[in-house]
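Okay, so here's the structure we're looking at.
Derivation of every value follows stated rules applied to the coordinates shown; laboratory data play no part. Quick caveat, the model's predicted, so the values are computed rather than measured. All Cβ positions, glycine included, derive from the backbone under ideal geometry; neighbour counts span all protein chains shown.
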Amino acid sequence: MEYIAYFFIVVGLIFFLGTSIGLLRFPDFYTRMHAAGKGDTLSTVLILVGCIFAVGNQGDLNWILALKILLIINFVFIGSPTATHAMMDVGERAGAKPWNKKGENK
Amino acid sequence: MADLPIWHYDTLFLTLALLFGITALAMQNLMGAAIVFGAYSFLMCLIWTTMGAVDVAFTEAAVGAGVSTVFIFATIYNTGVSATPNSPRIAFKIFAGLIAFGTGAFLLSALPDFPDWGDPKSPVNSTIAPYYIANSITDAHVPNIVTTVLADYRGFDTLLETTVVFIACIAIYSILRIDNAKSKVTEPDIITSPPAYDPTDSLIIRQASRIMVPFMQLFALYVIAHGHYSPGGGFQGGVILGASIILLSISFDLKHVLQQWTEKKIMILTALGVLIYAMVGLACILMDGVYLDYAALDSVLPGDEAYARSHGILLVEIGVGITVMFSMIGIYINLASNGRFDRGL
Amino acid sequence: MNSFITIAGVTLIGLMLLVLIRVIKGPTVIDRLVAVNVIGTKSIVLLLFSGILFGQLDMFVDIALGYGLLNFIVSIAASRYYQHRKSLEQKGKTS
């Protein structure tokens, strides 16, 4: 049971590495939102699934604890993409222009 | 627990908190500073978690990183103030710096007098804390010692703290509330211009709020009732309940929330919580006890004397939760609608 | 298991320092808001890691659940402010 937990946490951390590097290096507001919204939610869900298996290893896991961590996964999965949508809407109304390779619309 | 690898986390959290604090102070945009202060608040929550103080961490997460940041947004929305960088003369800056550093050094000079971290011979840990730890379960059948200390052994303090929250709500009402028909105040254009955004545009945010608000309220009721066994209690549950109504008012229109929670209901229910707390104490006097001595209610509540204290703590926490919930809602509506109760953030 | 969770937690905080660079550098306010949202979601995970290290996860799950619900409100409130104000700079009276 431990090794499943290790696997999920390591995969979640790899996705979060991708998210943070993407948040730093992408040239445009919209692409940075892609990195933040998708990568952040997915890495959080994977690490929390790993935490469910990690707790099962420590003895006295009752099913209520696993159910609560599933509830956290549920609310992060609903709430974080909605917040990303709201912020993207704001950026588009404020007039941020997409990045162009020739550097015309910066 | 002495070999916990917690010091790794502590130094890293402290570094992050310092960086966030410096960033928030150096920012010129007021909204940006408010957002970074919200992030600073939940780093403080994490620092308190690594110290083992979970009740305080829960309160900081609920209040600092949730509700109070929204209060600051509502204030900035209605005042339209921007921070212009005007730099004073260099002598003034040196004088201010000397005063700040002098006060800081004076306070830090008291640091070697503190007892060591977790010292069992410090004055708190050797006189009063062992009594609470040893007797909390036998006196009141409550495993969460923090709840027993707050609501039973130090019940007067919690009564007055609840009254302070109530007074804060009344103070904001008395400063901001304006009757629409009778006032002739001219407000700046930034407030009187019609809202630029139609709230019925955002279907996704409305649907997500519809899913999340019932669960938030159910979870908050669980936190109030389960405060005997897990971190929680009346204050944290009340803040989460207030935050759920604030979420409804942000994602829908403020008018829809005001149709359900009218101003009269909010004002009566804010006072009701403090009344419940005070009445429990008065009932203890009527049953031949001291004020707020729940063991005197033994004949009315089920169970023996220890269980009577446990039920007394639950009644008092319900009172605290009700007052805090409606204080948060009242403060938010006043701040967001600038006292007019018609349209808000 | 405990040492693995410690290393994972320290790695997570190190990656959060990278996101902090975006908070400092971000040219508009919305970039800072996005980065603070990412930091908030990851602090839920850090709370659970602290819980596993203390050995009492059932205490910390309640705090993590409460914070996961409240993290959403700040982002929605900030974006609602900007939807009303329609531009990202500050206007209005100064002082």
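Considering only A:63, A:53, A:79, and ranking their Cα positions along the charge dipole of chain A that arises from unit charges at the beta-carbon of Lys, Arg, Asp and Glu, the one farthest toward the positive end is A:79. Rounded to the nearest 20 debye, the dipole size of the stretch A:2-94 about its Cα centre is 120 debye, using +1 on the Cβ of Lys and Arg and -1 on the Cβ of Asp and Glu.
The relative contact order of the stretch A:2-94 comes to 35 percent, based on Cα pairs under 8 Å that sit 6 or more residues apart. Comparing A:100, A:44, A:9 along the charge dipole axis of chain A, the residue lying farthest to the positive side is A:100, per the Cβ-charge model. Helical runs (DSSP H, four residues minimum) scored at -39500 (n - 2.57) apiece and divided by the length of the protein assembly as shown put the mean residue ellipticity at 222 nm at -24000 deg cm²/dmol. By the gyration tensor of its Cα atoms, with a ≥ b ≥ c the square roots of the eigenvalues, what is the shape of the stretch C:2-85: rounded for a/c under 1.5, prolate for a/b over b/c, or oblate? Oblate, since a/c reaches 1.5 and b/c is not below a/b.
At an R0 of 51 angstrom, the distance between the Cβ atoms of residue B:117 and residue B:259 translates into a FRET efficiency of 0.45. Each residue of the stretch B:266-278 is assigned a 3J(HN,Hα), and the resulting list reads 5, 5, 5, 6, 4, 6, 5, x, 5, 5, 4, 4, 5 Hz, derived from the Karplus form 6.51 cos²θ - 1.76 cosθ + 1.60 (θ = phi - 60°), x at Gly and Pro. The stretch B:220-298 and the stretch C:24-51 have Cα centres separated by 32 Å. For the stretch C:38-46, backbone phi angles converted through the Karplus equation (6.51, -1.76, 1.60; θ = phi - 60°) give residue-by-residue couplings of 5, 5, x, 5, 6, 6, 4, 5, 5 Hz, Gly and Pro being listed as x. Ordering B:288, B:113, B:10 by the number of other Cβ atoms within 10 Å of each residue's own Cβ, fewest first, gives B:113, B:288, B:10. Among the DSSP helices (H) of chain A, those spanning at least 15 angstrom by Cα along their long axis with an average Kyte-Doolittle hydropathy of 1.6 or more are A:2-25, A:40-57; this is a geometric and hydropathy rule only. Rounded, prolate or oblate: pick one for the stretch B:10-121, where a ≥ b ≥ c are the square roots of the eigenvalues of its C-alpha gyration tensor, a/c under 1.5 means rounded, and failing that, prolate if a/b is larger than b/c, else oblate. Judged from the Cα gyration tensor, the stretch B:10-121 comes out oblate (a/c at least 1.5, b/c at or above a/b). In order along the stretch B:90-102, the phi-based Karplus estimate (6.51 cos²θ - 1.76 cosθ + 1.60, θ = phi - 60°) of 3J(HN,Hα) comes to 6, 5, 5, 5, 5, 4, 5, x, 5, 5, 5, 5, x Hz; Gly and Pro are listed as x. Magnitude of the charge dipole for chain B, about its Cα centre and with charges confined to Cβ atoms of Lys, Arg (+1) and Asp, Glu (-1), is about 1340 debye.
The P(r) of the stretch B:144-345 has a tail past 23 Å containing 52 percent of all C-alpha pairs.
Modelled spin labels at residue B:105 and residue A:62, positioned 7 Å past Cα toward Cβ, are 5.7 nm from each other.
Cβ crowding within 10 Å, taken as a proxy for footprinting-reagent exposure, orders C:36, B:280 from fewest neighbours to most as B:280, C:36.
Annotation for residue B:96 and residue B:306: the two label points, set 7 Å from Cα along the Cα-Cβ direction, are 5.8 nm apart. Its residue count N fixes a reference of 2.2 N^0.38 Å for the protein assembly as shown, and the Cα radius of gyration divided by that reference is 1.02.
Could you pull out the pairs from B:93/C:42; B:121/C:42; A:68/B:255; A:38/A:68 whose alpha carbons sit more than 32 Å apart here? Distance filter (> 32 Å) returns B:93/C:42; B:121/C:42; A:68/B:255. For chain B, the fraction of C-alpha pairs farther apart than 34 angstrom is 40 percent. Can you tell me how the stretch A:2-94 classifies by the Cα gyration tensor, rounded, prolate or oblate, using a/c under 1.5 as the rounded cut? Since a/c reaches 1.5 but b/c is at least a/b, the shape of the stretch A:2-94 is classed as oblate. Multiplying each eigenvalue of the alpha-carbon gyration tensor of the stretch B:241-345 by 5 and taking the square root yields semi-axes of 37, 12, 9 Å, largest first, rounded to whole angstroms. With a cut-off of 15 Å between beta carbons, the residues surrounding residue C:48 carry a summed charge of 0, where Lys and Arg count +1 and Asp and Glu -1. Taking the fewest neighbouring Cβ atoms within 10 Å as the starting point, the ordered list for B:309, A:25 is A:25, B:309.
Show me the chymotrypsin sites (Phe, Trp or Tyr not before Pro) within the stretch B:52-145 that DSSP assigns to loop and that have at most 14 other Cβ atoms within 10 Å of their Cβ. Qualifying residues, ordered by number: B:117.
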